[in-house]
1. In whole angstrom, how far apart do the alpha carbon centroids of region 199-277 and region 51-80 sit?
2. Starting from the 7 Å offset along Cα-to-Cβ, what nm value, one decimal, do you get for the label separation of A422 and S288?
3. Give me the Å³ per residue figure for the convex hull around the C-alpha atoms of region 19-91.
4. Can you list the HN-Hα couplings for region 390-401, worked out from phi with the Karplus curve (6.51, -1.76, 1.60; θ = phi - 60°), rounded to whole Hz and with x for Gly and Pro?
5. Can you give the FRET efficiency to the nearest 0.05 for A134 and D208, using r as the Cβ-Cβ distance and R₀ = 41 Å?
6. Taking H as built 1.01 Å from N, whose amide H comes closer than 5 Å to the amide H of T39, not counting residues under 5 places away?
7. Calculate, in whole percent, how much of the Cα-Cα pair population of region 367-417 lies beyond 13 Å.
8. Where does the charge balance sit around D19 when Lys and Arg score +1, Asp and Glu -1, over other residues with C-beta under 12 Å from its C-beta?
Amino acid sequence: MPASQSDPHVIPAMYITGDVPATGGVIKQRPEDFLVEETPLYQPAGEGEHIYLFVEKRGMSTLEMVEVVARHFRVPRRAIGYAGMKDKQAITRQVVSVHAPGKKLEDYPMLDHERVAILWADYHQNKLRTGHLAGNRFSIRIRGVSATAALPAKRVLDRLERVGVPNRFGEQRFGHCQNNHLVGRELILGNARAALDALLGPNPAHRDQQSEARALYAAGEFARAREAFPHSLRTERDALARLTHGQSPERVVGTLDQTVRRFMLSAFQSGVFNAVLDARITDGSYASLRLGDVAHIHESRGQFVVYDTVLAEPDLMDRVQRLELSPTGPMWGASMKRAEGVTDTLERAALESIGVSLDDLGRYAAASGEDLEGARRPLRVPVIAPQIEGGVDEHGSYVRVAFELPRGAFATVVLREIMKPAGGRGIETDS
């Protein structure tokens, strides 16, 4: 498959602030430079069999933090609930639930971990589910720039506050080799060997990622490949352990952790969404409504199809300009609400360009017994309460930006508009 067809569209086809000079710079030189705090959707009730924790983690992934919490409370990982994944190279705060029927906080010792702290604890009747958050507040220092870079950065934030930020999925969704969506594609198509090759094999576009381990996998040296993968890559190491013991690719793929499996499938949906968003930015329609669109109501999260009668409403375009309404793109699933007309044609073409058809989605649902949770996602979201300052500290000069985004939106998309990294390189770290 040509690279253009498998590209997850992490790098924007064009910036909506392309006329504003780039600041350049780097982020995440140290965890303190990237702060994220979750805004809960609701407060715990004060009673129930789920212990709610407000957890601060430093320099570790959400799944690694879940492992720490599960071990401390002596429960399986499935007993832990969380609303969303948070950045690894950062200091992040988020709510976590622990299903512990018949237990109280005093039944457990204090959690003592160098990278995990519990800031408060309470009780609630229900497990915390994915998406159960209002949004996230970010405070991020951009390093390697002069303090005067705050001026163009402010111009970018002012425009994004006015017109909305493209609701692109950031590079975190696609993994170290930027190919999680391809693993998801092969899961949908039922190609177990190809799924493992994408997960474990060499990646010509990212030769610096676990190159020795991936070369050993390609050579059939599964045991040695497992030892060469970092211990933090648990999914890869577990798959290689099963291959070492002679399990078939089908068996190995069939035993993937369900959380990992869902994440790969979501990455596939995300790649197609990004492709649609790129097309809508390029043709200038990402911030307007046209016939056949499915519109998103930001306040209520309701959605409706744009028919002629809707386009004729006198206040429609004013509502769009006020960021009350936005067009949506597809998170493809067999039961997803479909757009109509030219929008539906565009969205089906984006799906097929990555090698998957509507029939493939239906066959996957029938064979697996699970439907992809198809949904519509707004093509843009508001940037809330942006702040910016330039400064100097013991590590040098910086520009600090702070803003809130609704749930599911990526801060790195805002940062890309500000920094505009040269040559399409990532902005996740200073490397």
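No value in this document is a laboratory result; all are computed from the given coordinates. Here the structure is a predicted model, which is why all the values come from computation and not from measurement. Virtual Cβ from ideal backbone geometry, glycine too; neighbours counted across all protein chains shown.
1. The two parts, judged by their Cα centres, are 23 Å apart.
2. My value for the distance between the label points is 3.5 nm.
3. Details: hull volume 9.3 nm³, N = 73.
Residue-normalised Cα hull volume stands at 127 Å³.
4. Per residue, the Karplus-derived 3J(HN,Hα) values read x, x, 9, 9, 5, 9, x, 7, 7, 10, 9, 10 Hz.
5. Efficiency, from the Cβ-Cβ distance: 0.65.
6. A134, G135, N136, R137
7. Values: 915 of 1275 pairs.
The answer is 72 percent, as a whole percent.
8. Value of the local net charge: +2.
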